[in-house]
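*Asks:* One structure follows; several queries about it will come next.
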Amino acid sequence: MFPNSILGRPPFTPNHQQHNNFFTLSPSLYSHQQLIDAQFNFQNTDLSRAVSLQQLTYGNVSPIQTSTSPLFRGRKRLSDEKNLPLDGKRQRFHSPHQEPTIVNHIVPLSGDRRYSMPPLFHTHYVPDIVRCVPPFQEIPFLEPREITLPEAKDKLSQQILELFESCQQQVSDLKKKELCRTQLQREIQLLFPQSRLFLVGSSLNGFGTRSSDGDLCLVVKEEPVNQKTEARHILTLVHKHFCTRLSGYIERPQLIRAKVPIVKFRDKVSCVEFDLNVNNVVGIRNTFLLRTYAYLENRVRPLVLVIKKWASHHEINDASRGTLSSYSLVLMVLHYLQTLPEPILPSIQKIYPESFSPAIQLHLVHQAPCNVPPYLSKNESNLGDLLLGFLKYYATEFDWNSQMISVREAKAIPRPDGIEWRNKYICVEEPFDGTNTARAVHEKQKFDMIKDQFLKSWQRLKNKRDLNSVLPLRAAILKR
């Protein structure tokens, strides 16, 4: 999906990336007139450009031909197109000479092709309606840096590794999400031609599991938009488009009018649940910051995964229910690894400020992980000891009343005096915009439940040194 799509792999050294302007966005926000135009585009979108509502099978579908007729441009069809049969109209998608959508050519599609819809969108195809958007410049796939898993000599560390290897997101999982993103971007560009759709969050930051939902960010410009007005209006049009044009492969689309509004939906092809927001660009930046940390040291990803599974099992990993978001949990793990007497992680924002500056344009953000070499720590603690240490740190050492977790500073810092931080039970600093990622924990009962679980799990695990004492291993593996 990104100019050098790494599809769940570790970061690699870029070649020629400085020439890629794939994600260059329009400097101006969509005006009121442009939003009206988008609504007009929605009302007049040629139905033949939408995904076929018939459920077909990938493996037996012939490539769809390209018509030489001009594509729809917000006006009625030309007279010579009116009498084309339906099948003929569907042939205007792309060329028969193009290959199927495979962003990472090293990893082939699975042999059984268990998809229920034809590959209607191809990587290289750019419809006439979006010619104002810079076309995709494919960069040859480069072999990623190999990351070996840590050794596990004790039982607890072996259990953590077993859980990680069974539940970590696979390349095939990410390919399904990327295929959906590619198709949806083509559809949304019928409404907003200069927009871009980014896959963000755990799907791309290295901390995803096989059951992770997909997070999408629709970018209409690099600057913030008003979430109460502009973002809601844009999402209203997108939601309507999903309901009317794409019901063949999208189900249950819901417009959630929250502080940051989203459209929730399920992709019938990949069976993945998605959340789509507008211009929450900090999510794009922190995706690649976390991805850098994920592959900086080989103990980070297994430790994060087991802690997310532990928190989910004990029902303290759900921001919508007043507990910790997965993002906050990841930041808490990184903070712990930064604050050990012999740190396992540094603050890469301090060491490489030019690579992680909030001022970097979005089309350059994906290059950041490529500029950071592996971190060699003198700390040789095994995964079991690190899990115990994490639980102990937040159960007995961290001062919740006066301290704030800061990955940016690689230490606990005093709470700010701002209104956002007053009367908050847990303070976790967002590394780019400085907001509190744990603001969902606003009830003392939930806060006490979180602290209690840290303490109980630490005491239990310390005595038994068996992961099953705090997280049923078999059940967690089955849930993935």
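*Asks:* Got at least one residue in segment 438-458 being surrounded by 16 or more Cβ atoms within 10 Å (Cβ to Cβ), over 29 Å from the mean Cα position of the chain (by Cα) and touching a residue at least 12 places away in the same chain (Cβ under 8 Å)? Quick ask: steps written out before the conclusion?
*Replies:* Applying the first criterion (surrounded by 16 or more Cβ atoms within 10 Å (Cβ to Cβ)) to segment 438-458 yields 438-441, 446-447, 449-451, 453-454, 457-458.
Now drop any that are not over 29 Å from the mean Cα position of the chain (by Cα), which leaves 457-458.
Those still in the list that are touching a residue at least 12 places away in the same chain (Cβ under 8 Å) too: 457-458.
Checked against the condition, which is being surrounded by 16 or more Cβ atoms within 10 Å (Cβ to Cβ), over 29 Å from the mean Cα position of the chain (by Cα) and touching a residue at least 12 places away in the same chain (Cβ under 8 Å), segment 438-458 yields at least one hit.
*Asks:* Determine if segment 236-245 includes at least one residue that is under 18 Å from ALA319 (Cα atoms) and either out of contact with any Cys (no Cβ under 7 Å at 6 or more places or on another chain) or at pLDDT 95 or above (or both).
*Replies:* no
*Asks:* Which members of segment 260-293 meet the condition of being touching a His at 6+ places or on another chain (Cβ under 9 Å) and free of Cβ contacts under 8 Å to residues at least 40 places away in the same chain?
*Replies:* VAL263, PHE265
*Asks:* Could you list all residues from segment 336-376 that are open to solvent by 30 Å² or more (accessible area, probe 1.4 Å), in contact (Cβ under 8 Å) with a residue 40 or more places away in the chain and of a type in the set (S, T, N, Q)?
*Replies:* THR339, GLN361, GLN367
*Asks:* Among the numbered criteria (1) within 26 Å of VAL260 (Cβ to Cβ); (2) surrounded by fewer than 23 Cβ atoms within 10 Å (Cβ to Cβ), which single criterion is violated by VAL330?
*Replies:* Every listed condition holds for VAL330 apart from (2).
*Asks:* For segment 217-275, enumerate the residues that are in contact with a strand residue (DSSP E or B) (Cβ under 9 Å, 6 or more places away or on another chain) and at positive phi.
*Replies:* Of everything in segment 217-275, just one residue is in contact with a strand residue (DSSP E or B) (Cβ under 9 Å, 6 or more places away or on another chain) and at positive phi, namely ARG252.
*Asks:* Please indicate, with yes or no, whether at least one residue in segment 247-267 is under 19 Å from the mean Cα position of the chain (by Cα), open to solvent by 40 Å² or more (accessible area, probe 1.4 Å) and closer than 30 Å to LEU473 by Cβ.
*Replies:* yes
*Asks:* Still on this structure, I have one more. Kindly list the number of the only condition in (1) open to solvent by less than 40 Å² (accessible area, probe 1.4 Å); (2) touching a Phe, Trp or Tyr at 6+ places or on another chain (Cβ under 9 Å); (3) within 30 Å of GLY389 (Cα to Cα); (4) not aromatic (Phe, Trp, Tyr) that fails for SER270.
*Replies:* (3)
*Asks:* Next up: Tell me, which residue of segment 400-437 that is among the hydroxyl-bearing types (Ser, Thr, Tyr) and open to solvent by 50 Å² or more (accessible area, probe 1.4 Å) is nearest to GLN349 (Cα to Cα)?
*Replies:* Step one: filter segment 400-437 for residues among the hydroxyl-bearing types (Ser, Thr, Tyr), giving 402, 406, 425, 435, 437.
Keeping just the survivors that are open to solvent by 50 Å² or more (accessible area, probe 1.4 Å) gives 402, 425.
Details: SER402: 24, TYR425: 26 Å.
For segment 400-437, the residue satisfying everything is SER402.
*Asks:* Only residues in segment 149-177 that are farther than 26 Å from SER270 by Cβ count as the first member; pair them with residues that are open to solvent by 40 Å² or more (accessible area, probe 1.4 Å) and at pLDDT below 95, Cβ under 7 angstrom, at least 6 apart or cross-chain, and list the lot.
*Replies:* Cβ pairs passing all conditions: LEU161/LEU149.
*Asks:* Looking only at segment 376-392, decide whether some residue is at pLDDT below 95, part of a loop (DSSP other than H, G, I, E, B) and not charged (D, E, K, R).
*Replies:* Of all residues in segment 376-392, those at pLDDT below 95 come to 376.
Pick out the ones that are also part of a loop (DSSP other than H, G, I, E, B) and you get 376.
The next check asks that each one be not charged (D, E, K, R); those that pass are 376.
Yes, because at least one residue in segment 376-392 is at pLDDT below 95, part of a loop (DSSP other than H, G, I, E, B) and not charged (D, E, K, R).
*Asks:* Does at least one position in segment 401-410 carry a residue that is acidic (Asp, Glu) and more than 17 Å from ALA319 (Cβ to Cβ)?
*Replies:* Yes, because at least one residue in segment 401-410 is acidic (Asp, Glu) and more than 17 Å from ALA319 (Cβ to Cβ).
*Asks:* Filter segment 294-316 down to residues that are out of contact with any Phe, Trp or Tyr (no Cβ under 8 Å at 6 or more places or on another chain) and farther than 14 Å from GLY208 by Cβ, then give me how many there are.
*Replies:* The initial filter retains those residues of segment 294-316 that are out of contact with any Phe, Trp or Tyr (no Cβ under 8 Å at 6 or more places or on another chain), namely 295, 298-299, 309-316.
Now restrict to residues that are farther than 14 Å from GLY208 by Cβ: 298-299, 310-311, 313-316.
Going through segment 294-316 one residue at a time, the tally reaches 8.
The values are calculated or read from the model by the stated rules, or taken from the named source; none is laboratory data. Every value quoted in this text rests on a predicted model; they were computed, and no experiment measured them. We place every Cβ from the backbone using ideal geometry, glycine too, and count neighbours over all the protein chains shown. In case anyone asks, the SASA skips ligands and DNA or RNA and just uses the protein heavy atoms, side chains included. Shrake-Rupley method; radii C 1.70, N 1.55, O 1.52, S 1.80 Å.
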